[in-house]
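The values are calculated or read from the model by the stated rules, or taken from the named source; none is laboratory data. Predicted, not measured: the structure shown is a model, and the values here were computed from it. Neighbour counts are summed over all protein chains in view; Cβ atoms, including those assigned to glycine, are modelled from backbone coordinates with ideal geometry.
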Amino acid sequence: MSIFLLIRVGIKKLEDDLWDSANTLRATGGIKSADYAVPVLGIIFLRFADNKFGLVEEAVKAEFEKNKGTRAEVPIENIAKRLCGLYLSPTSRYEHLLHLPSSQSLAQAIKEAMEDIESHQDEQFQDILPKDAYAQIEKNSPEILPKLIKTFSDIPSSASGDVFGKIYEYFLGKFALSEGQRGGEFFTPTSVVKFIVEAIEPYRGKIFDPACGSGGMFVQSANFIERSNKDRGNIYVCGQEHELSTVKLAKMNLLVNNLSGEIKKANSYEDDPFSSKGKFDFVMANPPFNVKGVKESTVKGDSRFTEYGLPKSKGKKDDKITDANYLWISLFATSLNEKGRAGFVMPNSASDARNSEYEIRKKLVESNLVDCMVSIPSNMFYTVTLPATLWFFDKDKKEKDKILFIDARNVYTQIDRAHREWSTEQIQNLVSVVRLYRGEKERYLEVVAKYLGHCKTLLPTIKKEFEAFSTWYNALVEQREVCKEATAKKTKNAEKKSLVLEKLASLDMVKKLEVALLDTSSIEELDNSKQLLFAKALKETLANYDEMKKSLKEKTEEILDFFDLVDRSLKIGTADRTKISNSKRALESNLRSLEESLEQLHYWQSNIEWLQSRFPNAEYVDVLGLCKVADREEYVEEQDYSLNAGRYVGIELEEDNLTADEFKDLILEKHKVLMELNKEALELEALIDSNIREVF
């Protein structure tokens, strides 16, 4: 298994183990999930804060001692904050809490640790960490907190911010599931957020989320910047959230991820704490869908919402907006500066909404603001199943009077019966479509080269596994003489002897497998023709490998069946039995490793083929069933400003390989034949009726 997948699998197992342990404690303690989520996230925070401080602790002490008693002396707390953003006193360290005597209240010790950490932060990070909830948990069930502290000590002390971030987001998602509808208020599935971030690329500047929940959009922006080898200090985040408890979660997220910015408690319909109009480089959001009852009087004097028009039904005199979807869309549009980009989630219904929403959408389209529309699969969100669309605005888009439509409803990974997500590679594949549309050919080639690089790593491993297989198989076959001798000397049952000797004679040695390696010297070159050639050779090689594995698997079953028969029929010496047993285990283990490696190679090859089969020239083309660049005539004259991707992209007919026009001609031809058959049927019906009347 590759290091890449080992790390991913390792983190997933750690997440699952931590959740199972923590949730079992909650259930046995009779604590509601709503009363449990934030305190658990607080303990995860303490573990990570300790990890983070521990990495710089020696450097902090050394610098403090060096300048102690001189004019350059500064408080040790200030040094720690400069180096890692946090300072922890000895009583706030995780080891202190882990080994606290049972005679002392752990709830009180945790509260004091939280207060200590906050005391060294500036005003915006005051009173954000959970404190009082631990006393109630301790009162309900005194053994829960010590077990929780012990559970999260399993997070390695060397765990980086990325590992912590994955665990933190995993728990947010799990709590969102258990919270039901309310869970969607503070958590947007990570894969959806990652796609938005990859599409708008917030490398620098001010990022705004007026419905920020727990701040996941901001964290993924920071992670994207780090993956791009850029400085996360180049962004400043501004978030608004109306729920105080969720505001605290978001601030905690900013603190642990060392992000510069502010989170304000605000109702975005009424409040504008950041004076947002025309101010932001990037806007990202997953606002609440289909909110009814926002008063017109609240927003009608606010240019954030009125620039493109209010979603108000004509003729109605009540003081109500029809629904708030287009209030949010207007807010996102008006918050962008002259070169700003936005990416946000909307229900599918917003793409075709009529009446005043139609007029607003028309103005948005006419202003050349709409850059891309992406239909996403249903069941991507933890709390709602309705289908959704990702909208992307770009105030400085290069392709004027064009809109890219992507229908990604059939691109997903099923994570359980009711929920789906995008894998990292599915995100990269879909984002590659956007980048080709923008003319960024080299970035498409970089993605393909990355996939090919994983194949390059796997190929030598698979070669060694095939060769090791033949070695262990032959080691088992060579035990034939032991079995032959034992059969001749010790087996009195003629039927058993005959069966063993018959199977013994049929065993063949597997030749030493010489597995040819592909030439991988140019595998990472950003040359499309070379990538295509290698991918073709890789596909052929993989097919050969599959055939070899199939044959070897059959031989494995054959020889293992033989030795099972020997075990039942013969009395082999202990030493020989041990040799056979060891060879069998090694052979089975090697076969599993080979199958896993081939499965990984198939995975990377399938992602390469997904891209190259659709974009063979590494240039954007419309792909039936996936993507379409619509021009003004199409989205104005033909579709009347609809932003529903399905109207443009069409349906892929894999079995027929027909284009949309060919499909239309085929249906019309079949309809013509049907009409002729119907006419003939009516004539026959009349003839039968006439004949019956004549006879009777």
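A few comments on the model shown:
- Check on TYR437, in contact (Cβ under 8 Å) with a residue 40 or more places away in the chain and closer than 23 Å to LYS400 by Cβ: yes
- Set side by side, the residues LEU611, LEU587 differ, and just one is of a type in the set (A, V, I, L, M) and either surrounded by fewer than 17 Cβ atoms within 10 Å (Cβ to Cβ) or modelled with pLDDT of 85 or more (or both), which is LEU611.
- Within the range 352-369, the residues that satisfy the criterion of being among the polar types (S, T, N, Q) and closer than 22 Å to PHE282 by Cβ are SER367, ASN368.
- Among the helices (runs of 4 or more DSSP H) confined to the range 230-346, the ones with at least 1 residues that are touching a Gly at 6+ places or on another chain (Cβ under 7 Å), aliphatic (A, V, I, L, M) and at pLDDT below 90 are located at 244-256.
- Of all the criteria given as (1) in contact with a Ser or Thr (Cβ under 8 Å, 6 or more places away or on another chain); (2) within 21 Å of ILE117 (Cα to Cα), the one not satisfied by VAL247 is (1).
- Checked against the criterion of being out of contact with any Gly (no Cβ under 9 Å at 6 or more places or on another chain), among the aromatic types (Phe, Trp, Tyr) and modelled with pLDDT under 90, the range 447-455 contains not a single residue that satisfies it.
- Against the test of being assigned by TED's automatic domain parsing to the domain that holds SER529 and not polar (S, T, N, Q), the options LEU436, LEU404, LEU459 yield a single qualifying residue, LEU459.
- The criterion of being under 29 Å from LYS397 (Cβ atoms) and free of Cβ contacts under 8 Å to residues at least 40 places away in the same chain holds for TYR236.
- Residue within the range 514-536 that is within 18 Å of SER593 (Cα to Cα), touching a helix residue (DSSP H, G or I) at 6+ places or on another chain (Cβ under 9 Å) and modelled with pLDDT of 85 or more present: no
- Tally, over the range 143-153, of residues that are modelled with pLDDT of 85 or more and exposed (fewer than 15 other Cβ atoms within 10 Å of the Cβ): 1
- The range 344-383, residues that are among the aromatic types (Phe, Trp, Tyr) and farther than 28 Å from ARG420 by Cβ: TYR358
- Neighbours by Cβ (under 7 Å, 6+ apart or cross-chain): first from the range 289-305, not assigned by TED's automatic domain parsing to the domain that holds ILE329 and of a type in the set (A, V, I, L, M, F, W, C); second part of a loop (DSSP other than H, G, I, E, B) and surrounded by 13 or more Cβ atoms within 10 Å (Cβ to Cβ): none
- Residues that are touching a Ser or Thr at 6+ places or on another chain (Cβ under 7 Å) and more than 13 Å from ALA535 (Cα to Cα) within the range 446-458 comprise VAL447, THR457, LEU458, listed in sequence order.
- Selected residue (only one of GLU73, GLU112, GLU77 is modelled with pLDDT under 90 and part of a helix (DSSP H, G or I)): GLU77
- Condition met for GLY439 (out of contact with any Cys (no Cβ under 9 Å at 6 or more places or on another chain), outside any helix (DSSP H, G or I) and not β-branched (Val, Ile, Thr)): yes
- Hits in the range 351-380 - residues which are farther than 17 Å from ARG304 by Cβ, buried (at least 19 other Cβ atoms within 10 Å of the Cβ), touching a Phe, Trp or Tyr at 6+ places or on another chain (Cβ under 6 Å) and of a type outside the set (Asp, Glu): ARG361, CYS372, MET373
- Leading residue by the ranking (surrounded by the most Cβ atoms within 10 Å (Cβ to Cβ)) among those in the range 51-83 that are under 17 Å from HIS120 (Cα atoms) and in contact (Cβ under 8 Å) with a residue 60 or more places away in the chain: LYS52
- Taken over the range 239-260, residues that are surrounded by fewer than 18 Cβ atoms within 10 Å (Cβ to Cβ) and closer than 26 Å to ASP394 by Cα amount to 1.
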